[in-house]
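For reference, the structure discussed in these notes is given below.
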Amino acid sequence: MGLRPGGRFDRRVNFRVGAIFHSQGFQVFLFNPGFGGLLILSGCLCFMISDTILAYYTFRTPKLSGSVLIMSYYILAQAEIVLGILLIGARA
């Protein structure tokens, strides 16, 4: 049950890792309910989407054909988290 290309893909692993990461973003949003917290929560969701697409193309298809889509979500997630942190820091 190794998680390697061509191996068996266990959706539960990706869901658990993504759920933990997303819950941390939700916790930041609860303590900072403004626009900055919302950006961080949205960035965590974009990371979860990016990782899900990456896992699908890594374990289900022989060729990585979704690289533009993966990187689009990844860059969007980074930008949202950084902007959210800057907005929360400016407010403090």
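For 81, 40, the sequence from fewest to most other C-beta atoms within 10 Å is 81, 40. Exposure proxy for 50, 42, 72: other Cβ atoms within 10 Å of each Cβ, ordered fewest to most, give 72, 42, 50.
Using the 10 angstrom Cβ neighbour count as an exposure proxy, how do 68, 82 rank, fewest first? Lowest count first: 68, 82.
Here, each number is a calculation from the coordinates, and none is a lab measurement. For clarity, every value in this text was computed on a predicted model and none was experimentally measured. Glycine also receives a Cβ, built like all others from the backbone with ideal geometry; neighbour counts cover every protein chain displayed.
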